[in-house]
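Contents: one structure, followed by commentary.
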Amino acid sequence: MSRPPANPAAPGSEAEEADGGGSLLKIGELAEASGVPSATIRHYVREGLLPEPVKTSRNMAYYPPEFVERIKIIKQLQEERFMPLKVIRELLARDDGDPVPEAEVRRRYDMPQEVLDRLADLGVLSPGKRGYSPSDVRIVESISRFRAGGYDERIGFTVYDTLRYKNALEAIAAEEVKVISERLGDVDPEQAVEMIEAGVEPLNDLISALHTKLLVAELERVRGGPGRGS
């Protein structure tokens, strides 16, 4: 009697280990959850918009559930913003990288679990089953530095203060995507990718410089202007 095929999701299996114990999806399940055909998902993988799936045999592959949201974003940028796949790939690549496990984030940045949980509830962090993305780790690092400098609950600073920046930056990010779509839509994809890569650092510097200038100006306005009392 032949042995039944091994269950790829069973404890200790290659798929189970790659997912950290979570539930990996077959291509059909991923297509159903994302609303995108299997052939399109395979095309995204070939184009580098999605990492390679976990392959347990020549004809069997499993995908992390986090792919569902990423696929929806890709499709939205294609259909609503008319972005070429190469441009989308560059935008998504800004946050690519191996996730950092939750326990490691807590240890590295001395961050209480309840703080991490509240940040996730607010949508500031988006942890997956395998941990935090590089962008999330940078956010946690920044908050940790604030807390180390005395900006904590003892004087009224809480995780809810991050919403001020999240709400403001959401509007900026939406406008950026709109502008990129409108102005680079007819540009050669290779050139568009190069322009996006070249624009990341100066854009971050511009936002930082403007924020500092506006903050200082507002502080001076509240205090009555420079040289008050002289």
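Table: residues versus (1) closer than 24 Å to Leu91 by Cα; (2) hydroxyl-bearing (Ser, Thr, Tyr).
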position	(1), (2)
Val115	no, no
Ser135	yes, yes
Val140	yes, no
Gly149	no, no
Ala171	yes, no
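Met83 meets all of the listed conditions (1) out of contact with any strand residue (DSSP E or B) (no Cβ under 9 Å at 6 or more places or on another chain); (2) over 30 Å from Gly185 (Cα atoms); (3) assigned to a loop (DSSP other than H, G, I, E, B) but one, namely (2).
The conditions of being at pLDDT below 90, crowded, with 16+ Cβ neighbours inside 10 Å and charged (D, E, K, R) are met by Lys86. Per this entry, Leu215 is not counted among residues that are outside any loop (DSSP other than H, G, I, E, B), under 24 Å from the mean Cα position of the chain (by Cα) and at pLDDT 85 or above.
Tell me, which residue of the range 90-103 that is under 21 Å from Arg130 (Cβ atoms) and not in a loop (DSSP other than H, G, I, E, B) is nearest to the chain's Cα centre (by Cα)? Applying the filter and picking the extreme gives Leu92.
Yes or no, residue by residue, for (1) farther than 30 Å from Ala120 by Cα; (2) in a helix (DSSP H, G or I); (3) within 20 Å of the chain's Cα centre (by Cα):
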| site | (1), (2), (3) |
| --- | --- |
| Arg154 | no, yes, no |
| Leu163 | no, yes, yes |
| Leu169 | no, yes, yes |
| Ile180 | no, yes, yes |
| Gln191 | yes, yes, no |
| Leu210 | no, yes, no |
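Taking the condition of being of a type in the set (A, V, I, L, M) and surrounded by fewer than 12 Cβ atoms within 10 Å (Cβ to Cβ), how many residues in the range 201-211 meet it? Within the range 201-211, residues that are of a type in the set (A, V, I, L, M) and surrounded by fewer than 12 Cβ atoms within 10 Å (Cβ to Cβ) number 3. Beta carbons closer than 6 Å, at least 6 apart along the sequence or on distinct chains, pair a first residue in the range 128-156 that is touching a residue at least 24 places away in the same chain (Cβ under 8 Å) with a second that is assigned to a strand (DSSP E or B) for Gly131/Val100; Tyr132/Val100; Val137/Val100.
All conditions but one from (1) over 16 Å from the mean Cα position of the chain (by Cα); (2) at pLDDT 90 or above; (3) surrounded by fewer than 11 Cβ atoms within 10 Å (Cβ to Cβ) apply to Asp117; the one that does not is (3).
Restricting attention to the range 30-71, the residues being surrounded by fewer than 16 Cβ atoms within 10 Å (Cβ to Cβ), of a type outside the set (S, T, N, Q) and farther than 24 Å from Pro84 by Cβ number 4. Scanning the range 56-80 for residues that are in contact (Cβ under 8 Å) with a residue 40 or more places away in the chain and in a strand (DSSP E or B) gives Thr56, Met60, Tyr62. Note on the range 109-127: residues that are touching a strand residue (DSSP E or B) at 6+ places or on another chain (Cβ under 9 Å) and touching a residue at least 24 places away in the same chain (Cβ under 8 Å) total 1.
Scanning the range 167-195 for residues that are touching a residue at least 60 places away in the same chain (Cβ under 8 Å) and among the β-branched types (Val, Ile, Thr) gives Val177, Ile180, Val193. A single entry from Ile155, Ile139 fulfils the requirement of being aliphatic (A, V, I, L, M), out of contact with any helix residue (DSSP H, G or I) (no Cβ under 6 Å at 6 or more places or on another chain) and surrounded by fewer than 18 Cβ atoms within 10 Å (Cβ to Cβ): Ile155.
The values are calculated or read from the model by the stated rules, or taken from the named source; none is laboratory data. Because the structure is predicted, anything quoted here is derived from the model rather than measured. Cβ coordinates were reconstructed from backbone atoms using ideal geometry, including for glycine residues, and neighbour counts include every protein chain displayed.
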